[in-house]
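Data first, discussion second: the structure below is written as structure tokens.
The values are calculated or read from the model by the stated rules, or taken from the named source; none is laboratory data. It should be emphasised that the depicted structure is a prediction, and the values quoted were computed from it without experimental measurement. Reconstructed Cβ throughout: ideal geometry from the backbone, glycine too, with neighbour counts over all protein chains shown. Accessible surface areas use protein heavy atoms only, side chains included; no ligands, DNA or RNA. Shrake-Rupley method; radii C 1.70, N 1.55, O 1.52, S 1.80 Å.
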Amino acid sequence: MTTNVEETLVLVKPDGVARGLTGEILRRIEAKGYSLVDVRLVQADRDLLAEHYAEHLGKPFYEPLVDFMESGPIVAFRVAGNRVIEGFRSLAGTTDPTTAAPGTIRGDLARDWGLNVQQNLVHGSDSPETARRELALWFD
Ligand code: DAT
Ligand code: MG
């Protein structure tokens, strides 16, 4: 066991907000024992999304992904806890919602709707460096 209190960025993507799943997603985060530190409702613009998804620029799914993320409000959570970065990624499940494990947010609540984009409900930072960068983008 290690002590490694961290903060991570969780986004409830436009599909999650539109489907009224913001509360259910926060319920799972809190039920796991993590703490909500800050929350914002954001209509993201392309500049913010370009910075957020800079690592994916040039990939075939980049444009549909940014269009989707711009399509409606997003709820941003700043969440704290010991090892919360990997812990939330585990709660979220794998990227493809069709095959994400049951019991996870994506596995229980999301699926492939046959659209040109993965509507997988949530984003979670994937490393301490990414979390710092992303929290500054969405909260500062
Ligand atoms: P994650 O959100 O699980 O960290 P990621 O960072 O690799 O996944 O990708 C960011 C988002 O881009 C992901 O949530 C959905 C979309 N995406 C990723 N890979 C994709 C693919 N092969 N086809 C379509 N969309 C994809
Ligand atoms: Mg990612």
Exercise. Quickly work out the Ala101-to-Arg46 label distance, labels modelled 7 Å from Cα along the C-beta direction, and quote it in nm with one decimal.
Key: 3.9
Quiz item: Among rounded, prolate and oblate, which fits region 61-125 when a ≥ b ≥ c are the square roots of the eigenvalues of its C-alpha gyration tensor, a/c under 1.5 means rounded, and a/b larger than b/c means prolate?
Solution: oblate
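Can you give the accessible area per residue of the chain, in Å², using a 1.4 Å probe? Don't skip to the answer; put the middle values down first.
On the way: 7270 Å² over 140 residues.
The answer is 52 Å² per residue.
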Exercise. Give me the percent of DSSP beta bridges within the chain that run antiparallel, rounded to the nearest 5.
Key: 100
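For the chain, which whole percent of the accessible surface, found with a 1.4 angstrom probe, sits on carbon and sulfur atoms?
Numbers: 3740 of 7270 Å².
Solvent-exposed carbon and sulfur of the chain make up 51 percent of the total.
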Exercise. Quick one: which residues, 5+ away or cross-chain, put their amide H under 5 Å from the amide H of Val37? H built at 1.01 Å from N.
Key: Arg78, Val79, Ala80
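I need the peptides 3-9, 75-81 ranked by packing, meaning the mean over residues of other C-beta atoms within 10 angstrom, with the highest value on top.
The peptides rank, most packed first, as 75-81, 3-9.
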Practice problem: For region 1-74 and region 82-104, compute the distance between their C-alpha centroids and round to whole Å. | Solution: 13
Practice problem: Over 18 Å, how big is the tail of the calculated P(r) for the chain, in percent of all Cα pairs? | Solution: 53
Practice problem: Starting from the amide H of Gln119, placed 1.01 Å from N in the peptide plane, find each other amide H under 5 Å away whose residue is 5 or more places distant or on another chain. | Solution: Trp113
